[in-house]
Every structure is written in structure tokens, then in C-alpha cells.
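Notes to accompany the following structure.
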Amino acid sequence: MLCSAAGEKSALLWSMRSYTLIRRLEGHQSSVVSCDFSPDSALLVTASYDACVIMWDPYTGEQLRTLRHVPLHSALDYSSEIHTSSLRSVCFPEGLYLATVADDRLLRIWALELRSPVAFAPTTNGLCCMYFPHGGFIATGTRDGHVQFWTAPRVLSSLKHLCRKALRTFLTTYQVLALPIPRKLKEFLTYRTF
């Protein structure tokens with residue numbers, strides 16, 4: 001599966017087997033500018049100029065949660081043309097975390113179970129972010145061509161999350177829902193609960 005964000009208010013999911021459109025993910029109020037799959041490919045996040053990150057189940061197209069990006073320093077809004085909380089990029093570091101870069105000059109690390117940022121780092125003219133799993137770094141790229149490196153959160157994932165990640169690497173949402181297991185376990189394995 002491949003996701004594309006082409007500056008529209010939606011993201012497109014494509015089949016890499018048949019090279020056809022699977023579905024259009026709609027829910028943002030402005031242009032979608034970035035997207036990333038979780039390490040187990042069970043989640044997809046999209047970032048938009050509407051200052052929201054939406055977490056999706058890519059198999060069903062269901063919106064699982066929305067994270068609203070609120071600027072910390074309203075005094076940083078020097079331009080009336082660009083809202084300081086407009087998101088530029090999103091990436092999935094290892095575990096249950098997200099990283100976002102926005103026009104408010106901050107890299108944010110989000111804890112998904114808390115639905116809020118747990119760490120901040122200053123960036124200048126941030127444009128994109130990418131996670132490098134082998135070094136545990138998040139790289140942020142800037143409009144002037146510079147790259148900054150940040151240490152990603154180093155936490156030991158819970159055993160139940162590691163089990164979920166191992167299962168979801170091989171099972172789609174539909175396959176999990178078809179398993180003869182309790183409903184609460186299905187909800188956990190499909191990221192309806194954390």
C-alpha cells in the first residue's frame with residue numbers, strides 16, 4: 001500500500017499490487033502535505049495546513065483520532081499570510097510516538113496514548129522530518145537546505161505493544177477482526193485503544 005498527499009484536502013491510498021486507487025481519505029479542512037505509515041503499517045497519519053494530524057486505519061479508511069496542533073508562542077506569528085501552526089511534516093518514530101514540524105518553529109514529539117506533545121525542539125524554517133531507526137534520530141530539513149538531527153525518544157515499548165506490532169506486521173485489520181478472540185483484544189490490536 002502507498003499513500004500520496006498531493007496538496008488536496010485528502011490523501012490517496014494506492015494498491016501496489018494492481019496500481020489502482022484503493023480509497024480517498026477525507027477529513028482535513030485544508031491541504032494534506034505529509035503522510036507516514038507506522039512501523040507495523042497498521043496506522044497511517046496525515047498532516048495538513050489545517051493544523052491537524054489525523055490517524056487512520058489504512059485498511060478500513062476509519063479515522064481513529066485527531067491531534068490538534070496548537071502554537072505555543074503566538075508572538076511568533078510574524079506573517080499574516082501563514083498561520084504559525086500550519087503543519088509541514090509528520091513521521092512515526094519507533095513505538096507509540098509521532099513527530100511533527102510546523103511553521104511555529106518547533107519539532108514536536110507526541111505520545112499517542114496521551115494525545116499531546118511530550119517534547120519540543122526549536123527548528124528554524126522547518127520543512128520536513130524523517131525518522132532513522134538504526135540510529136534513533138529524527139532529522140529535520142529546512143527551507144534553506146540545512147538538516148538538524150534530534151535524538152528520538154528512547155523508551156522500552158510494553159510487551160503488549162510489541163506483541164501487537166508483531167501481529168499487525170502480518171495481519172490486516174480485517175484479518176484481526178475475523179480472529180476468534182475477545183472484542184477488547186480486537187480493539188487493542190486494531191489501535192482503537194492504546
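For the stretch 5-67, the calculated P(r) over all alpha carbon pairs, in 5 Å bins from 0 to the bin holding the longest distance, is 4, 20, 31, 27, 14, 4, 1 percent. Helix 159-170 versus the longest principal axis of the chain: what angle, 0 to 90°, nearest 10, using Cα atoms? Tilt relative to the chain: about 80 degrees.
For Leu107, nonlocal amide neighbours, meaning residues 5 or more places apart or on other chains whose placed amide H falls under 5 Å from its own, are Ala121, Thr123. Rounded to the nearest whole Hz, the Karplus-based 3J(HN,Hα) values (6.51 cos²θ - 1.76 cosθ + 1.60, θ = phi - 60°) of the stretch 61-70 follow the sequence x, 6, 7, 8, 6, 10, 10, 8, 8, 10, with x at glycine and proline. Peptide packing for 14-24, 116-126 was compared via the average number of neighbouring C-beta atoms within 10 Å per residue; ordered from the highest value, the list is 116-126, 14-24.
Under 23 Å of direct C-alpha separation, and excluding same-chain neighbours fewer than eight residues apart, Lys186 reaches these lysines: Lys160, Lys165. Here the relative contact order of the stretch 1-151, from alpha carbon pairs under 8 Å that lie six or more residues apart, stands at 13 percent.
When the scattering of the chain is computed by the Debye formula from its Cα atoms alone, each counted once and equally, what is log10 I(q)/I(0) at q = 0.16 Å⁻¹? Per q value, in the given order, log10 I(q)/I(0) is -1.04.
The numbers here are math on the coordinates, done by the rules we state, and not lab data. Computed from a predicted model, the values in this text were never measured in an experiment. Because the Cβ atoms are built from the backbone with ideal geometry, glycine has one as well, and the counts that use them run over all protein chains shown.
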